[in-house]
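Since the structure comes first, as C-alpha cells, the remarks are kept for the end.
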Amino acid sequence: MKLALLNEVLGRSPWWAPRIFGTQAPDTGNAEILAHYGTEEQKAAYLQPLLEGEIVSSYSMTEPQGGSDPGVFKLRAERDGDEWVINGTKFFSSNARYAKFLIVMAVTNPDVGPYNGISMFVVPADTPGLRIERNIAVYGEPDEEGSHGLVQYENVRVPAAAMLGGEGQGFQVAQTRLGGGRVHHAMRAVGICARALDMMCERALSRHTKGSLLADKESVQGYIADSWMELQQFRLFVLQTAWKIDKYNDYARVREDIAASKVIAQKLLHDVVGRSIQVHGALGASNELNLCRWWMMSWITGFSDGPSEVHKRTVARQVLKQYQPAPGLWPTEHLPTRRAEARRKLGVEAPASSVPE
C-alpha cells in the first residue's frame, strides 16, 4: 500500500521522478530479483549500487520472433563444466546500452516446456560475446536516443553462480519481479491521468469558443465527468489490490486483481489523456505539452509485461475457477425449478394453473 501510494505521486512526473527515486524500469524489478535470489556477492556488486543510483541495468527477456511468450524463446544456455554458454538474440532489452549488467532469461531445457525449462542469469555487460546490434527508439524519440537494445549473445560464458534461482525456475523468478511491479505501474498511470485531468479542467476554464467557456459545453463536461469517475474507480481498485497483497502475502491469490490492474491502466491512459488532448486542440497534439507522449504510453502499457489480451484471459480463467457448472439441465437461477424446490421443501402443492395439461 505504501509503495502504491508513493508511485501515485511519482507518476505525476513520469520521466524524472522514477529515475531520481530509484523506481524506474527495469531497475526496480531487477533489484527485486537480486534481493530474493542473488548471492551475497551479487548483491554487493549489483544490488547495492543499483539501489544507490550509481548504475543502471537491463532485463533481457523479449525475443524478436515471439515477443514476451516464453513458449517460443530460442535463446539457449548450455552447461559446459562450471560455466553456462549463452547463444541467441534478445529484443527490446531496455537500457542495455547503459547497463552495468543484464538479467537474461534463457532456455536451459527445451524438452520440459517454459514453466520448468527456463532459467535466469545475471550477465555483466562487458562479458565477451555480448553485442548490441542496434538501439531502437520508440515513436517520438530521435533515433540516436534509442535505448531498447537488439542484443546478440554469441558464446557468452558466465559462471554457474550467475544463475538466479535454481535451474528451470526462471518463470518463477520472473513472476517475483512482475507481480508488485504491475501494481506500481498502475498507480503511476493514476498519477499521469490525474495530471492530464488537471490540465483538461484548467483548459476548459480558460478557453472561450462559440460564445462560452469550454467548461460550459456539454461534451467537455462529459469528458471531465467520465475521466474523474474512471480515475477514482481505478485508483480505489488498485489500492484494494495492494491491500490484498499486503494481507495475504501471496501474489497468486490476487492474480486476477493484478492482471486486471494492468489491463485497465492501458484503457485509463488511452481515454483520459486522449480526452485531454481533444480539449487542448492543436496545442494538445504539439510538442509543447506532454500529452501526446503520455498517450503513447498507453500503447506501451498495453504490451509491456505481457499483452493486455493475455491478462484478460488470466482474469477470466481465475474468475471461472470460483464457479461450478449447473448441476442439471436448467440453470440454478431457473425460476420454475426454484419454485418447485421451494414447494417441495415447504410441503406445498403447486397451484392448478401451473400444472401442465
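The values are calculated or read from the model by the stated rules, or taken from the named source; none is laboratory data. Since we're looking at a predicted model, the values are computed, not measured. Neighbour counts are summed over all protein chains in view; Cβ atoms, including those assigned to glycine, are modelled from backbone coordinates with ideal geometry.
Residue-by-condition table, conditions (1) of a type in the set (Phe, Trp, Tyr); (2) within 17 Å of the chain's Cα centre (by Cα); (3) outside any helix (DSSP H, G or I):
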position	(1), (2), (3)
Ala252	no, yes, no
Lys262	no, yes, no
Leu269	no, yes, no
Ile277	no, no, no
Trp295	yes, yes, no
Gln318	no, no, no
Ala342	no, no, no
Please verify whether the range 143-152 includes one or more residues that are over 16 Å from Ile103 (Cα atoms) and of a type in the set (A, V, I, L, M, F, W, C).
no
Mind counting the residues in the range 40-54 that are more than 20 Å from Leu178 (Cα to Cα) and either part of a helix (DSSP H, G or I) or assigned by TED's automatic domain parsing to the domain that holds Arg195 (or both)?
7
For the range 1-33, how many residues meet the condition of being out of contact with any helix residue (DSSP H, G or I) (no Cβ under 6 Å at 6 or more places or on another chain), assigned to a loop (DSSP other than H, G, I, E, B) and either surrounded by fewer than 18 Cβ atoms within 10 Å (Cβ to Cβ) or of a type in the set (Asp, Glu) (or both)?
4
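Conditions (1) in contact (Cβ under 8 Å) with a residue 60 or more places away in the chain; (2) of a type in the set (S, T, N, Q); (3) surrounded by 12 or more Cβ atoms within 10 Å (Cβ to Cβ), marked per residue:
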position	(1), (2), (3)
Lys267	no, no, yes
Val273	yes, no, yes
Asn290	no, yes, yes
Arg293	yes, no, yes
Met297	yes, no, yes
Ala342	no, no, no
So Asp226, is it in a helix (DSSP H, G or I), without any contact (Cβ under 8 Å) to a residue 60 or more places away in the chain and under 20 Å from Arg12 (Cβ atoms):
no
Going through Leu213, Leu197, Leu150 one at a time, which residue ends up being farther than 28 Å from Ala25 by Cβ and either crowded, with 19+ Cβ neighbours inside 10 Å or of a type outside the set (D, E, K, R) (or both)?
Leu213
Whether any residue in the range 156-169 is within 24 Å of Ser304 (Cα to Cα), crowded, with 22+ Cβ neighbours inside 10 Å and of a type in the set (Val, Ile, Thr) is what I want to check.
no
Just give me the residues in the range 217-274 being among the polar types (S, T, N, Q) and within 22 Å of Arg203 (Cα to Cα), in sequence order.
Ser219, Gln221, Ser227, Gln232
Would you be able to say whether some residue in the range 60-77 is in contact with a strand residue (DSSP E or B) (Cβ under 8 Å, 6 or more places away or on another chain), over 22 Å from Phe303 (Cα atoms) and in a strand (DSSP E or B)?
yes
Residue check for Val220: under 30 Å from Pro114 (Cα atoms) and surrounded by 13 or more Cβ atoms within 10 Å (Cβ to Cβ)
no
Those residues of the range 44-76 which are closer than 19 Å to Gly22 by Cα and surrounded by fewer than 19 Cβ atoms within 10 Å (Cβ to Cβ), in sequence order:
Ala44, Ala45, Gln48, Pro49, Leu51, Glu52, Gly53, Glu54, Ile55
Which residues, counting only those in the range 180-211, are farther than 12 Å from Leu3 by Cβ, among the small types (Gly, Ala, Ser) and in a helix (DSSP H, G or I)?
Ala189, Gly191, Ala194, Ala196, Ala204, Ser206
